[in-house]
1. With the Cα gyration tensor of region 3-166 in hand, give its eigenvalues times 5 under a square root as the equivalent ellipsoid semi-axes, listed largest first in whole angstrom.
2. Count the net charge of all other residues whose Cβ sits under 14 Å from the Cβ of ASP46, scoring Lys and Arg as +1 and Asp and Glu as -1.
3. How many angstrom lie between the Cα centre of region 35-63 and the Cα centre of region 103-150?
4. State to the nearest 20 debye the size of the charge dipole of the chain about its Cα centre, where the only charges are +1 on K and R beta carbons and -1 on D and E beta carbons.
5. Under the definition of Cα pairs under 8 Å and six or more residues apart, what whole-number percent is the relative contact order of region 3-166?
6. Report the one residue of PHE122, PHE63, LEU75 whose Cα lies farthest in the direction of the positive end of the charge dipole of region 24-167 (charges on C-beta: Lys and Arg +1, Asp and Glu -1; origin at the Cα centre).
7. As I understand it, the value is the acute angle between the Cα axis of helix 93-109 and the longest principal axis of the Cα atoms of the chain; what does it come to in degrees, rounded to 10?
8. Can you spot the aspartates and glutamates whose alpha carbon is less than 16 Å from LYS4's alpha carbon? Ignore those fewer than 8 places along the same chain.
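Read-outs: derived from the displayed coordinates by stated rules, not from any lab. Treat the numbers as computed from the prediction; the structure is a model and nothing was measured. Every residue, glycine as well, gets a Cβ built from its backbone with ideal geometry; the counts of neighbours run over all protein chains shown.
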Amino acid sequence: MTYKTHIVGGIVLAGVIHQHFFTLSELEFTCYYIGATAGSLLPDIDHPQSFISQQMSLLHYPFKKLGHRKGTHSLLGLGIMWGIVYSLFGTNYVGLGVVLGYLSHLLLDMLNPKGVPLLYPFTKYKYKIIGKIHTGERGEEIVYFILMVALLFLVVKGLSQISFLGL
Ligand SMILES: [Zn+2]
C-alpha cells in the first residue's frame with residue numbers, strides 16, 4: 001500500500017477506537033492522531049524508497065540490511081515499537097495512537113499478495129487477508145476510497161457529538 005492509504009487507515013482505526021472507548025482533550029486529540037499517523041508509516045522504515053525512509057533517511061539506516069517486510073512487519077516489531085514509545089512518552093495517547101497506526105499498517109499490508117510475516121522471526125510464513133490488493137493499482141484505489149468514506153463518517157459522527165454536547 002502507498003503511504004496515503006496507510007495514513008488514512010491509521011487515522012480510521014484510531015478514530016474508531018477513540019469514538020467507541022474514550023474522550024480526549026484538545027491536546028490529547030492532537031497527540032493521539034499525530035501518533036496514529038506516525039505509527040501508520042513506521043513499518044515501512046525498512047524500505048529505502050518508502051515515504052518515511054525518504055523523509056527520515058537516518059531512521060532507515062539501522063534497517064538497511066534487514067530487508068523489506070520482515071522484522072518491522074511483525075507482532076514483535078509492533079511490541080518493540082510499543083516499548084520504545086512507552087519509554088519515551090509513558091502511558092499516554094501518543095503511544096496508543098502509534099500502536100494503532102502501526103497495527104493498521106500491518107492489517108492493510110495483509111491485503112497484499114506478499115502478505116506479512118506476523119510471527120517473524122519464529123516463522124517466515126506470510127499471513128494474508130484476501131491477499132489480492134496490489135500496491136498502487138485499482139484494488140488499492142478502492143481500499144483508499146472505502147477508508148475515505150469511513151473517515152468522513154467518523155468526522156461527521158464526531159462533529160455531531162460535539163454540537164450535541166454544546167446544546
Ligand atoms: Zn508495509
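1. 27, 20, 13
2. That works out to +3.
3. Each part's Cα centre sits 17 Å from the other's.
4. It comes to approximately 620 debye.
5. For region 3-166, the relative contact order is 28 percent.
6. Checked the options; the winner is PHE122.
7. It works out to around 50 degrees.
8. Within reach: ASP44, ASP109, GLU137, GLU140, GLU141.
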